[in-house]
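The values are calculated or read from the model by the stated rules, or taken from the named source; none is laboratory data. No experiment lies behind these values; they were computed from the predicted model shown. Cβ atoms come from the backbone with ideal geometry, glycine included; neighbour counts cover every protein chain shown. Note: areas computed on protein heavy atoms with side chains; ligands, DNA, RNA excluded. Shrake-Rupley method; radii C 1.70, N 1.55, O 1.52, S 1.80 Å.
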Amino acid sequence: MAVEHIVEGPESRKLRLETLIRLRWLAVGGQAATVAIVGIFLQFSMPIEIAGLLIVLLAAVNGWLQFSYPAAHRLEPSSALALLAFDLLQLTALLYVTGGISNPFAPLISVPVIISSASQPLRYSLALVVIAMLAITALVFSPFPLPWYQGDSVPFEPLLLAGMWFAIVFTTSFAAFYSYRVSHEANQLSEALNATELVLQREMHLSELDGLAAAAAHELGTPLATISLVAKEMSREIGEGHRLSDDVQLLISQADRCRDILRRLTTLSTGNEEHMKVLPLSSLIEEVVAPHREFGIRIEVNELSARASEPMGKRNAGIMYGLGNLIENAVDYAKSRVTISVSHDENRVTLDIEDDGEGFAPDILQRIGDPYVTRRNPQDKAGGLGLGLFIAKTLLERSGAELTFENAPGARIQVSWKREFMEAR
């Protein structure tokens, strides 16, 4: 089963400027409200002028961005890093003059890091993490006391400040790592599902080619017959020896050749038309297995139930492609034999695909069905368990199948449907 590696598109990791602007206005409002409550309402001792200047600076930069760029503008990773670093440094400066690491709002330094980790490439997020670590360390050495009642102060022991530093550093690091992993896995899943849709559309297109051939043969038959008739009339009119006689005979012969080609297309489509619409389970299995019999691996199909009672189902491109991928994978890893056991009763239809290879690696077995899981080198063109198995599993599950993967001792895959899902309705 070939492994497909999808590279993230250039737009997939770009932060929308309008999103960042809205978050910044929220930050401006929150900072202004906090300074007003602490410095004016509670009348705590604090450098209100400096704090107000920092808040105005953030608001001015945000207003300039809002009026200078369209709402749909997306930031390059370097530009997003610069803006998020500015936000982080502005918040650091505000915390620095209001108590430093002892300020209860100090953990908010992790917010720009989390935004970057969820939306930016890894190297840019790591750069912002480094800046955040330096900023948190600088807060430890702030000479400004925590805003408190006039003539009073809140004592903080050095050990307590060290504990606060460790808490904020670990919180920022964990939040950054978690948001990056969640975002990365969501992007991978989205891209893998898009690839699944493309594969399904291709398979459905291939399934419809015979019908299109029949339609083309029917539509082209009438004008071709007219061309042939007119050419023969011209041949009789000009007679032999005319300078156009050879050209007319060539036209007649080519028209006859086209008619033969259309006749073959029509015959091919007519012979397979009912087969393309509804086919028994045994025919479905044989059609899926046939392309993989020529690779030196013996494929045995064991029918454990009578053919007389087998389900008749509509041709499903997703099932055909999904089973084909599973069998291809089994042939790829088998030593000499792949065994397919088919059984059905009034309730369920079950396929067991087993090879005599080494089986699934333990780490692979735990993650089967996730996109981009492979035990082979990405440069190995032979492929491995990767996006292909994810697509196969997704398409089969969409058809109502339940899949289980195990070692017995070679790799063994069981695909099971409720019988009603395999019957033509």
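Once the piece of chain linking Arg398 and Leu53 is laid out straight, how much longer is it, given 0.36 nm per residue of separation minus the C-alpha distance between them? Intermediate results must be reported in sequence, preceding the final value.
Working: separation 345, 0.36 × 345 = 124.20 nm, distance 5.79 nm.
In short, 118.4 nm is gained.
Mind ordering 84-90, 286-292, 132-138, 17-23 by average Cβ neighbours within 10 Å, highest first? Spell out each step's value before the answer.
Numbers: 84-90: 20.1, 286-292: 15.1, 132-138: 18.6, 17-23: 16.7.
Packing order, densest peptide first, comes out as 84-90, 132-138, 17-23, 286-292.
For Glu300 and Thr226, what does the FRET efficiency come to when R0 = 56 Å and r is the distance between their Cβ atoms, rounded to the nearest 0.05?
Numbers: r = 55 Å, r/R0 = 0.98.
Using R0 = 56 Å, I get an efficiency of 0.55.
Could you give the length gained by full extension between Ala71 and Phe177, i.e. 0.36 nm per residue of separation minus their alpha carbon distance, to one decimal place?
35.2 nm
Gain in length, Arg419 to Leu26, computed as 0.36 nm per residue apart minus the alpha-carbon separation, to one decimal in nm? Before the final figure, lay out each step's value.
Numbers: separation 393, 0.36 × 393 = 141.48 nm, distance 5.56 nm.
Gain on stretching Arg419 to Leu26: 135.9 nm.
For the stretch 47-121, with equal point scatterers placed on the C-alpha atoms only and solvent neglected, what are the log10 I(q)/I(0) values from the Debye formula at q = 0.17, 0.27 1/Å, to two decimals?
Values returned for q = 0.17, 0.27 Å⁻¹ are -0.74, -1.27.
Can you give the net charge of the other residues whose Cβ lies under 13 Å from the Cβ of His344, counting K and R as +1 and D and E as -1? Please report the intermediate quantities before stating the final value.
Working: positive: Arg307, Arg348, Lys418, Arg419; negative: Glu303, Glu310, Asp345, Glu346, Asp352, Glu420, Glu423.
Neighbourhood net charge equals -3.
Return the carbon/sulfur percentage of the accessible area of the stretch 290-351, one whole number, probe 1.4 Å, all protein chains in place.
Values: 1430 of 3070 Å².
That fraction is 47 percent.
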